[in-house]
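A quick write-up on the structure given underneath.
The values are calculated or read from the model by the stated rules, or taken from the named source; none is laboratory data. What you see is a predicted model; the values in this text were computed from it and never measured. Glycine gets a Cβ as well: all are built from the backbone with ideal geometry, and neighbour counts include every protein chain shown.
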Amino acid sequence: MELSRLAVRLRPRGGWEAMDLGFHMARTWWRPVWGTWCAVFVPTALLLHLLFWEYPGIAMAITWWLKPVFDRFVLHVVSRAVFGVPPGVRETLGAWRQVLSPGLFAALTLQRFSLARSFTLAVPQLEHQTGTAGRARRNALGRRLRGYAIWLTSTCSFFELFVILSVGIGLQLLAPGAHSGDLDFERLFAARGEEGAWSWTNSVPWCIAIAAIEPFYVCAGFALYLNRRSILEGWDIELQLRRLDERLSRPAATLAAALFAAVLLAAVPAEPAHAQQKSPREEVREVLKAPELVPWREEMRWQFRREPDKDPKPRADGPAWGEFGRFIASLAQALAWIAAALLVAAVLYYLVRYVRARIAERRGDDWQPPEALFGLAVAPESLPDDVAATAAALAREGRVREALSLLYRGALSALVHRERVRLVEGDTEADTLVAAKRVLPRPAADYFGSLVGAWIAAAYAGRLPDTEGAVALAGGWAAHFAPPRAEARA
C-alpha cells in the first residue's frame, strides 16, 4: 500500500470526524461513485420489478437483500480514488470478478444483518481475508470504532426513511385529483385492496432513497476503516518519517541540520551533578507521568433508566396493526424463500466447481496459464530473451527495483508456463513460494525464496539490495530459471 499517493490528509480522527471525511469523499468523487452505483443498481431494480410485476413487494425485498453486492462496486471506486485517480464506470464494471470476490456468499448470508457491514466490507474485498482470519481481523478493527459504525447504519436508515416519506408525500401532493390533504400512512402496510397493497408508487420512493443514501453509507464506512487502520498501523507516523527522510536525504538539508544541532548542543548548559544522580527507575517513572503515556480505556455499558413518576397511559392498537403484522409475515416468508434459493444456488455452484476441478485435474490440459499475476505481466513474450543479463544491466545502471521486478516476473512465468504451477490472482507471495517448493528442486526453491524475500522488502518496505546483491540474484536466476537452449532458440 503506497501511502505517499494518498489523496486525503491522513491523521487519527474520532469516529464522527472520520464519517464526515467519508461524506466529503463521496461529494468529491460523486461522478464515478453515483455513476457506478446507478449503473448496477438501477438495471437490477428495474429488472426485478419487471419480473415480479404483480408483486413489487417481493422485488423490493430482493433488491434490498442485494445491497451488499452494489456496495462492493462503490467501495472499489472510492478505495482506488483515495490512492490516485478514481476509476471510471466502464473500468469498474469491467473488473466485476475482482469486485465480487471473495466473501460475497458470506456477505449475503451470515453477515447480511451486520450493523457494521460498511465498516467491515473492506476486510474481505480489499484485504481478501475470509473465514477465521477475516473474523479475527474484523474483531481487531472494531474494538474502538464498531459502535460508530452501528450508529452510521442506524442514522442512514433513518435518512432513507425520511427520503421515502418525503418523496412519497411529494408524489401524493402532486398527483392529479382532489384530496383532503390528510395523509393516511396506514394504507402503506395494508395487505388487501388495490389502494393499500405495495405498488410501484411505493417502490419508486424507496429506490430513490436507496440511490441517494447508500453511497454515502459505503464511503463513511470506508473512512472509518481507513481511520482505524491508520491508528493501528501508525500510517501518519510512517508518512512523517518518510517526509523527514526525503528532506534529510538532500545534502544541503543534512548539513544545515547538523550545524543547527551543533549550535544547540553548544548553547545547552551542563546539567548539575545532583540532577545526574537519578536512578534509571526514577527516570522511567518521570517519563511515564507524561500525559501522552497515561494509559486509558474506553468502555460502553447499557444501563436501564426507570422513571416511576411517569406512567404513560396504555395506547389502544389502531385498526392497521393487524395488517402490519400480516405484511411483516409475508415479508419474512419472502426472505426465507430467498435465503433458501441462495443456499441451493451456492451448493450447486460449489458442486459444479468441484466437479470441474476434478475433471480438469484428470485431464490435465484444460488449464490455461494466466497472462498476468498480481498486476505483473508473466507471458513469455512480455519478457526479454535473456532475463538474467537484462536484469544485471538494469542493476548496474542503478535501477535495482526494475531488476528485481524483472527477475520476479521471469520466475513466475517459468512456474506457470513451464512447470504448470496453477497460480491465481488472489495468491500471495507466500502462496507462490509454497507452490514453487512442490515442483522445484531444493537449490532452485532456495533461490526462489531469496528472490521473493528481496522483492517483498523492495516492494513493501522500500529496502533495496545493493548493486552487487542484485547482480548476484540475476546470476542465480540464469542458473535455475533460464529456459533450455532448444526452447530459447525456438
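Being hydroxyl-bearing (S, T, Y) and either over 26 Å from T92 (Cα atoms) or loosely packed, with under 13 Cβ neighbours inside 10 Å (or both) is the filter here; which residues of the range 116-170 pass it?
T132, Y148, S154, T155, S157, S166
Which condition breaks for G469 when tested against (1) assigned to a helix (DSSP H, G or I); (2) in contact (Cβ under 8 Å) with a residue 40 or more places away in the chain; (3) not aliphatic (A, V, I, L, M)?
Result: G469 fails condition (2) only.
Identify the single condition in (1) without any contact (Cβ under 8 Å) to a residue 60 or more places away in the chain; (2) surrounded by 17 or more Cβ atoms within 10 Å (Cβ to Cβ); (3) more than 14 Å from L473 (Cα to Cα); (4) not aromatic (F, W, Y) that A414 does not satisfy, given that it satisfies every other one.
(1)
Picking from L440, L373, which residue would you name as being touching a residue at least 12 places away in the same chain (Cβ under 8 Å), under 26 Å from the mean Cα position of the chain (by Cα) and surrounded by 15 or more Cβ atoms within 10 Å (Cβ to Cβ)?
Of L440, L373, the one residue that is touching a residue at least 12 places away in the same chain (Cβ under 8 Å), under 26 Å from the mean Cα position of the chain (by Cα) and surrounded by 15 or more Cβ atoms within 10 Å (Cβ to Cβ) is L373.
Please determine whether any residue of the range 103-119 is at pLDDT 90 or above and over 27 Å from S230 (Cβ atoms).
No, every residue in the range 103-119 fails to be at pLDDT 90 or above and over 27 Å from S230 (Cβ atoms).
Take W477 and decide whether it is in contact (Cβ under 8 Å) with a residue 40 or more places away in the chain, assigned to a helix (DSSP H, G or I) and under 28 Å from the mean Cα position of the chain (by Cα).
no
Tally time: how many residues in the range 365-401 are part of a loop (DSSP other than H, G, I, E, B) and within 19 Å of I456 (Cβ to Cβ)?
4
Look through V400, V387, V421 and report the one residue that is modelled with pLDDT of 75 or more and within 30 Å of the chain's Cα centre (by Cα).
Criteria check complete, one pass: V421.
Looking at the range 81-100, which of the residues that are free of Cβ contacts under 8 Å to residues at least 24 places away in the same chain and surrounded by 13 or more Cβ atoms within 10 Å (Cβ to Cβ) is nearest to T28 (Cα to Cα)? I'd like the intermediate steps shown before the answer.
Residues of the range 81-100 free of Cβ contacts under 8 Å to residues at least 24 places away in the same chain: 85, 90-91, 94-97.
Restricting the remaining residues to those that are surrounded by 13 or more Cβ atoms within 10 Å (Cβ to Cβ) gives 91, 95-96.
Details: E91: 19, A95: 22, W96: 24 Å.
In this case the residue turns out to be E91.
Closer than 30 Å to H128 by Cα, touching a Phe, Trp or Tyr at 6+ places or on another chain (Cβ under 9 Å) and of a type in the set (K, R): does that describe R409? Before you say what the answer is, go through the steps one by one.
On the way: closer than 30 Å to H128 by Cα: yes; touching a Phe, Trp or Tyr at 6+ places or on another chain (Cβ under 9 Å): no; of a type in the set (K, R): yes.
Criteria not met by R409.
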